[in-house]
6 protein chains.
Amino acid sequence: MEISARNGLKGKVEDIKLGEVMASIKIAVDEPGIITAIITRESAEELGLAEGDEVKAVIKSTEIMVAK
Amino acid sequence: MEISARNGLKGKVEDIKLGEVMASIKIAVDEPGIITAIITRESAEELGLAEGDEVKAVIKSTEIMVAK
Amino acid sequence: MEISARNGLKGKVEDIKLGEVMASIKIAVDEPGIITAIITRESAEELGLAEGDEVKAVIKSTEIMVAK
Amino acid sequence: MEISARNGLKGKVEDIKLGEVMASIKIAVDEPGIITAIITRESAEELGLAEGDEVKAVIKSTEIMVAK
Amino acid sequence: MEISARNGLKGKVEDIKLGEVMASIKIAVDEPGIITAIITRESAEELGLAEGDEVKAVIKSTEIMVAK
Amino acid sequence: MEISARNGLKGKVEDIKLGEVMASIKIAVDEPGIITAIITRESAEELGLAEGDEVKAVIKSTEIMVAK
């Protein structure tokens with residue numbers, strides 16, 4: 001089975017912290033990968049994004065899933 | 001100004017595709033980084049996650065922001 | 001008042017687990033319903049999605065709201 | 001490979017609409033399933049949620065992935 | 001029917017832009033309101049958040065729903 | 001550094017509640033601001049959204065970040 005979420009970054013679990021309901025998993029990512037970000041066209045234009053730009057992919061931790 | 005979203009992966013813009021409202025930005029990530037994933041404790045236990053495990057951080061592309 | 005989030009699946013609360021800040025609510029869904037998923041066109045094409053395909057709608061639990 | 005996102009509802013693709021960047025996939029869900037929603041404890045208490053309550057799981061369509 | 005998403009900011013639609021699949025709705029918010037943000041405890045501590053701090057609630061536009 | 005998430009509402013921290021893994025931050029927003037919501041075109045049309053409409057921007061608290 002294949003999933004539509006194409007962003008998959010390989011790494012190693014570094015730390016696990018368990019709460020009562022939630023858990024925090026720290027993953028060390030050390031292989032190169034491609035990330036696709038969907039933002040508004042307006043943001044892309046206001047940031048003046050162009051191929052070759054040095055950028056940062058920023059992600060809220062509640063949006064990250066773990067596959068094993 | 002600093003933001004609570006701590007996941008920031010450095011990379012280079014590889015491709016930009018503009019729609020009328022949305023835009024797709026492909027970013028090549030090639031520096032190691034740490035990702036924090038918040039999942040349910042139940043998932044962490046059912047996956048049997050442990051330090052050292054080889055895993056994949058999976059992210060839907062609509063959840064990724066770009067900082068420049 | 002009507003909300004733009006059109007995905008609403010009827011069900012019955014099966015289990016509630018309270019943490020200090022978060023809560024986990026298990027809902028048994030047993031009525032048929034229609035779900036709209038917004039994914040990238042690229043994913044749709046790479047999955048080769050076509051009408052009639054048997055698929056699974058996958059959702060991270062932090063993205064689900066409860067209306068009562 | 002198994003993913004931490006445990007909510008998986010089986011269904012059949014009913015309709016596909018392609019934009020330039022995004023795609024809308026309508027899925028008819030007709031099998032019973034269990035959905036786990038993570039909300040704040042405060043919301044759970046203010047809604048007065050209890051086992052047996054008839055509720056609706058509400059989901060923004062941009063949060064739904066498709067697995068095939 | 002009441003929804004668990006408690007963040008509701010009143011405003012007036014200023015602009016609507018329609019794509020083929022998605023739409024962008026600009027809303028002018030001019031009434032005071034309370035926003036609840038759920039972040040990791042780690043982020044809260046690293047930002048040194050304290051009552052009275054001047055902050056900014058930052059939200060990706062794909063996460064905002066419209067109720068009318 | 002500038003981020004693609006353009007929705008930034010200024011406010012003051014009113015309350016902080018710490019769990020083991022997550023934290024809840026209440027922010028009092030009292031300055032006018034513009035919010036951009038990305039919803040499906042279908043939802044926009046079914047809600048009959050038009051400029052000047054009184055609406056509510058609804059946001060799940062797990063989607064809100066804090067910048068300081």
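The values are calculated or read from the model by the stated rules, or taken from the named source; none is laboratory data. None of the values given here were measured: they were computed from a predicted structure. No Cβ is skipped: glycine too gets one built from the backbone with ideal geometry, and neighbour counts run over all protein chains shown. Note: areas computed on protein heavy atoms with side chains; ligands, DNA, RNA excluded. Shrake-Rupley method; radii C 1.70, N 1.55, O 1.52, S 1.80 Å.
Annotations
- Tally, over the stretch E:25-52, of residues that are open to solvent by 30 Å² or more (accessible area, probe 1.4 Å) and closer than 24 Å to residue B:67 by Cα: 6
- Of the residues making up the stretch E:9-55, just one is small (Gly, Ala, Ser), farther than 24 Å from residue B:21 by Cα and touching a residue at least 24 places away in the same chain (Cβ under 8 Å), namely E:33.
- Which listed residue is of a type in the set (Gly, Ala, Ser) and more than 21 Å from residue D:31 (Cβ to Cβ), from C:37, C:57, C:67, C:50: C:67
- Only one of the numbered conditions (1) outside any loop (DSSP other than H, G, I, E, B); (2) at the interface with another protein chain (Cβ under 7 Å from one of its Cβ atoms) is not met by residue A:52, and that is (1).
- Breaking point among (1) open to solvent by 20 Å² or more (accessible area, probe 1.4 Å); (2) without any contact (Cβ under 8 Å) to a residue 24 or more places away in the chain; (3) touching a strand residue (DSSP E or B) at 6+ places or on another chain (Cβ under 7 Å), for residue D:6: (2)
- Any hit, the stretch C:11-21, residues being within 27 Å of residue F:53 (Cβ to Cβ), surrounded by fewer than 23 Cβ atoms within 10 Å (Cβ to Cβ) and under 16 Å from the mean Cα position of the chain (by Cα): no
- Counting residues in the stretch B:34-41 that are farther than 14 Å from residue D:4 by Cα and small (Gly, Ala, Ser) gives zero.
- Scanning the stretch B:55-68 for residues that are farther than 23 Å from residue F:1 by Cβ and either over 12 Å from the mean Cα position of the chain (by Cα) or not in a strand (DSSP E or B) (or both) yields B:55, B:60.
- The set of residues in the stretch B:1-49 being closer than 15 Å to residue A:32 by Cα, facing another protein chain (nearest Cβ under 7 Å) and part of a loop (DSSP other than H, G, I, E, B) consists of B:30, B:32.
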